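Each remark here refers to the structure printed beneath this line.
Read-outs throughout are calculated quantities, based only on the coordinates presented, and are distinct from any laboratory measurement. This one's a predicted model, so the numbers in the text were calculated from it and none came from an experiment. Neighbour counts run over all protein chains shown; Cβ positions are idealised from the backbone, glycine included.
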Amino acid sequence: MRIRLLSALMLAALATAGVQAATPAVWQASGAAEFLKGDLENLAVDAHGRLLLAPGSTVLHDPSAPFVWSLVEATDGAIFAGTGNDGHVLKVDAAGRASILFDAEQLEVHALAAAPGGALYVGTSPDGAVYKVDTAGKSTRVFDPPDRYIWSLAVKADGTLFVAAGGETGHVYKVTSSGSSSTFYTAKATHVMSLAFDSAARLVIGTESPGRVIQLDTTGKPFVLIDSPHTDIHALRPGPDGVLYAVASSAKASPVAATPKIPSGTSTTSAPTAGGTATVTVEVTAVAVASDAGSSSAAPAASGEGSGAIYRIQPDGLWDVVWETRNDVPYDVAVDQDGSLLVATGSRGRLYRLTGNPAEATLVTRQKAQHLTSLLRTRAGSVVYASSNPGRLYRLDATPARSGTYESDVHDAQSVSTWGVIRWRAAVPPGTGVAVATRTGNTKAPDDTWSDWSPAYTTPMGSAVTSPKARYLQWRATLTGQGDGPVLSSVAASYLPRNARPKVASITVHTPGTVFQRPYPSGDPDLAGYDLEPPARKVLTAGSRESVQLGKKVYERGLLTLQWRAEDDNGDDLEFDVLYRGEFDTAWKPLRQHLTEALTVWDTASVPDGAYVIRIVASDAPSNPAATALSGVLDSALIDVDNTPPVVGVPDIRQDGTRFRVTVEVRDAQSAIRSAEYTLDGQRWLPLYPADGLADSRNERFEFSLERDQLLGRSLVIRAADALNNTGSAGSAVVTPATPPR
């Protein structure tokens, strides 16, 4: 019953089609790779590739700055946030109220760390400096290294401050509580990007170019824990049971100068505008992400905008790859209350949750920002995260949202199409719901010329799409409920593209007499294309460049192989008619009909010698009703048919002293004379050359000389071939002393 109803709905929806392809196409979205192409709000894509309600995100504060780089929790539960390009440290309370705690001379605040007594250490860039800011906002410059960038700060239990810096060479500096400073470690890298203490209170650092995790003892002696294939170790975060997580990134260079934490020889931020901050244009594009949890390798991607990996380092130094991605760039990681990991990524503003062993990734949320740059789990258990391009602070809600929406990517039907039905598969517990709507348009990106969203469709097994006929289609799903809400696993829309006319792109006329065996003959070696009856059906698909496989080349006099290339944008099956006419005729005559391969062989002995034109007609009738089938036509250039050999005149032999001069006339009614040669007594054939030096006409005269001793007592034979390989010959009697010369 369900199948009959669905078929009836589809036929009813397509009944008003004009000139249409007969076979409807289906656009189906299912699985993580497809769902990650769309835009989500309060929805997640779980590890099984399904859409479900996710914890919502509340904008905690919008500082109107392009970047929020770093987050630290204050002793009173407020959040300190370092921003750029304004160089501010903001203090944001639980209600989202914000004040500027510190306004740095520099443009960027990449690093924050809690200082004793509720104060805050602030690392700024470029022209890096470290400040200590008290709770009242009073600041003191405590360290001024020669490096341009301060990337990370870490405070040991005894109050010693460690500073990660870089520029041309990466350094770790040690600043004691008394204010004295020294170089603790000089890295063989351009930057030291991240700092953390392991379970034994040893300092662990992450470097950039190369991306390594290095353990330092109390004297600064290094020991490499991980030599990753990635560009940098962007963050180091302690986990439970002495585990340390390392975030490795390989972000491709961006034309936006302020791409988050991608160090170079110059500032990573753009210059301020007259208004004080840079203007940043954000373009959000969703693509699928591939992940391979538990892999032993995390090689950078060959394509996409970047890649990365999350490493788990045990207290004894052993490590494994928890997760790697080839289409997102991870910037930070935080351990969730249930032991899962939250990963903030760019450049599509995605927040993932990793659960299980091996880890499976769930897309928790996606913001309309290029990068999620920092994560913070507060002492109260909530999660705060920051974005850049644009810069904002978000709070991740503890419970799933009661409603969420998903907008698919835009589907291109390639031509104006008639829409059929849209159907979806979902688990919908009582008290929950899934509503699907569509809109259409004829521009690649939805704009004000598109149709409005349709009313919600109500029949999951197949609802007729009411949006106007157009080239592009987009659908939107709204999930509602609470607790174990609905789960959407797939959406499919059928449509009938407007029938496109087939095209015959080219015709190839092989050299006369050249034919090909079929690649897999049985019995006698059949010639490809030389079938008077239609061969077994072969489908010529749209865009195919070579529809026929050819085997060994052989020669058969009088046969002409014709081959062509045809295309159909609808992917319809094609059949071909081959017609011909004489050069001065107006009526076409059939040569072959209903061929299903783009090749035929013409036995030219069946027509008089002359010039002919071949016409190839490609029809999509096998895939369309007779009333709507279309055809495409292409004519060849003039083709010479010549099965008559040239006429070789009797050689005219005249004595000239001790030599004989031989002259021969060669004529052909249809083709140019291609070559001539002679033999004496049937010995080796020797070439002759036209008297005018060029073999290019249907009448050619050949002249040559032979010594008297060469010719006397021997017979002379001349043969000539025309352009179509027809050969004629003529000879003379044996030349003797008694034979008077002509």
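Annotations
- Across the stretch 647-731, Cα pairs under 8 Å and at least six residues apart give a relative contact order of 36 percent.
- I100 versus D127: modelled label distance in nm, points set 7 Å from Cα along the beta carbon direction: 1.7 nm
- Contact order relative to length of the stretch 324-403, as percent, for alpha carbon pairs under 8 angstrom and 6 or more apart: 21 percent
- Length gained when the stretch R141-K221 is fully extended (0.36 nm per residue, less Cα-Cα span): 26.0 nm
- Pairwise FRET efficiency - A669 versus D692, Cβ, R0 = 22 Å, nearest 0.05: 0.65
- Only one residue of P497, Q474, P486 has its Cα farthest out toward the positive end of the dipole of the stretch 451-518, where Lys and Arg carry +1 and Asp and Glu -1 on Cβ, and that residue is P497.
- Compared with the direct C-alpha span, the chain from K553 to D652 gains 31.6 nm at full extension, assuming 0.36 nm per residue.
- Debye, to nearest 20: dipole size of the stretch 386-478, +1 on Lys, Arg Cβ, -1 on Asp, Glu Cβ: 180 debye
- Inter-part distance where the stretch 88-153 and the stretch 493-508 are each reduced to a Cα centre, Å: 63 Å
- Dipole check for the stretch 108-249: with +1 at the C-beta of Lys and Arg, -1 at the C-beta of Asp and Glu, and the Cα centre as origin, the magnitude is about 220 Debye.
- In terms of other Cβ atoms within 10 Å, R141, R498, R714 run from fewest to most in the order R141, R714, R498.
- For K503, a cut-off of 19 angstrom between C-alpha atoms picks up these aspartates and glutamates, skipping any fewer than 8 places away in its own chain: E546, E567, D568, D569, D572, D573, E575, D577, E597, D620, D635.
- Straight-line reach from K156: taking Cα to Cα under 19 Å and skipping same-chain neighbours fewer than 8 places apart, the lysines in range are K132, K174, K221.
- In this simple spin-label approximation, A505 and F584 carry label points 7 Å from Cα along the Cα→Cβ vector, and these lie 3.8 nm apart.
- In terms of the mean number of neighbouring beta-carbon atoms within 10 Å, the peptides 231-238, 702-709 order highest first as 231-238, 702-709.
- Of the residues Y678, Y689, Y555, the one with the fewest other Cβ atoms within 10 Å heads the list, and the complete ranking is Y555, Y689, Y678.
- Shown for R425, R366, R719: other C-beta atoms within 10 Å of each C-beta, ranked fewest to most, produce the order R425, R719, R366.
- Global form of the stretch 647-731, assessed from the alpha-carbon gyration tensor, a/c cut-off 1.5: prolate
- Here each label is just a point 7 Å from Cα along the line to Cβ, and for N357 and A114 those points are 2.9 nm apart.
- Placing unit charges on the Cβ atoms of the charged side chains and taking the dipole of the stretch 343-456 about its Cα centre, the candidate lying farthest along the positive direction among L363, S387, L376 is L376.
- Along the axis of the charge dipole computed for the stretch 647-731 (Cβ charges of +1 for Lys and Arg, -1 for Asp and Glu, origin at the Cα centre), the listed residues A676, G693, L706 are led at the positive end by L706.
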